[in-house]
Amino acid sequence: MISTATVDFQKYRGITVDFGNIEKLVSKKEIIVHYDPKYLDKVVMIIKPDRDREGRNFYHIEVEELWSPVKVRDNFVITNYVHAQYYPDKKVFNHIDFSVNQYSKAIFEEKFRDAVTDTEIPIDKYGDEHYKIWCVESDAIEISTWSKLVCATLDEPFRDLFLEMFSINID
């Protein structure tokens, strides 16, 4: 039983995001990590509550793919990163942007380890360089559209991990 719990803990960290219940689940920054023991890769999702200029609550939702450091053959690492803004009162996104983050290999390895106590580098550390590729804005981007855009943007080995991280139960 301990080995099963250990494997599950290594594979999943954090909540499963339920967009129909997000305000009850996320009151401060939430970090969700899913790990693929076959490919040794991770997907990290960070959710942070915020307020816009009109005082409406929304959430920054960031998704980043993290390649296993054993696959890195260069002195730097490039990751795909998607940021979005979700409004729970309307149950829609109004902003989605895709960027790539660049890290030195040493910083990336510490980020991937997810051992901030030992490394002082948190798994949600932003890239040393951040390059914006595209941005979509609208008053009503549906959750299903967001999930399709994120899936299309992530590299193949990360898509299933991403889809495990949330559910769409909207009333």
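With the simple model of a label 7 Å out from the Cα in the direction of the Cβ, Lys105 to Ala152 spans 3.5 nm. For Ser167, the residues whose amide H sits under 5 Å from its own are Val17, Asp18, Phe19, ignoring neighbours fewer than 5 places away on the same chain, with H placed 1.01 Å from N. Note that the stretch 81-121 shows a convex hull volume over its alpha carbon atoms of 87 Å³ per residue.
In a fully extended conformation the segment linking Asp128 and Arg13 would gain 38.9 nm over its present Cα-Cα distance, using 0.36 nm per residue. Globularity index of the stretch 96-171 is 1.34 (Cα radius of gyration / 2.2 N^0.38 Å, N = number of residues).
Pull out a ≥ b ≥ c, the square roots of the eigenvalues of the alpha-carbon gyration tensor of the stretch 27-130, then state rounded if a/c is under 1.5, prolate if not and a/b is larger than b/c, and oblate in the remaining case.
Values: a/c = 2.17, a/b = 2.03, b/c = 1.07.
Verdict is prolate for the stretch 27-130.
Placing pseudo-labels 7 Å out from each Cα toward the beta carbon at Glu120 and Asp36 gives an inter-label distance of 3.3 nm.
Among residues other than Ala84 whose Cβ falls under 10 Å from its Cβ, what is the net charge (Lys/Arg +1, Asp/Glu -1)? Combined, the nearby Lys, Arg, Asp and Glu give -2.
Any idea of the accessible area per residue across the stretch 23-83, 1.4 Å probe, to the nearest Å²? Could you put the intermediate results ahead of the total?
Values: 3190 Å² over 61 residues.
Here the per-residue accessible area is 52 Å².
With a 1.4 Å probe and every protein chain kept in, tell me what percent of the accessible surface of the chain is carbon plus sulfur. Whole-percent figure for carbon plus sulfur exposure: 51.
The values are calculated or read from the model by the stated rules, or taken from the named source; none is laboratory data. Keep in mind the model is a prediction, meaning the values are calculated, not measured. For neighbour counting, all protein chains shown are included, and Cβ atoms are generated from backbone atoms with ideal geometry for every residue, glycine included. We work out accessible area using only protein heavy atoms, side chains counted, and drop any ligands, DNA or RNA first. Shrake-Rupley method; radii C 1.70, N 1.55, O 1.52, S 1.80 Å.
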